[in-house]
Amino acid sequence: MRFFKPAWQSANKEKALKATEKISKQATLVKIALSEEYACQAVRYLAVTKLTDESVLATIAKSNKQIEKYMWYGYDRLSDARFEAVEK
């Protein structure tokens, strides 16, 4: 049983967005970006925009069709070589 829920999982969208804004740890941002169950689309999109590792962005883009609606921001930030790898 969990007693504590991270603020980014809040049902209050504004609270979840503010909490996500403060997060810089890439592992947590990946978790948020992939979390359909606990994060709304806007929070997940924000997490994607904060990711800095091209290989992580490419992996997310390749492996998760559920987030392709807003993954284009991540694609825009990939280098040409990584973009070509994702396209295949």
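Counting 0.36 nm for each residue step from Glu36 to Lys15 and taking away their Cα separation leaves a gain of 5.8 nm.
Of the cross-linked pairs Lys25/Lys62; Lys22/Lys50; Lys15/Lys50; Lys5/Lys50; Lys13/Lys50, which ones have a Cα-Cα span greater than 19 Å in the structure shown? Beyond 19 Å between Cα atoms: Lys25/Lys62; Lys5/Lys50. With a sphere of radius 15 Å drawn around the Cβ of Ser24, what net charge do the other residues whose Cβ falls strictly inside it have (Lys, Arg +1; Asp, Glu -1)? Here the charged neighbours net out to +3.
Read-outs: derived from the displayed coordinates by stated rules, not from any lab. If you're wondering where the values come from, they're calculated on a predicted model, not measured in any experiment. Ideal geometry is used to build each Cβ from the backbone, glycine not excepted, and the neighbour counts take in all protein chains shown.
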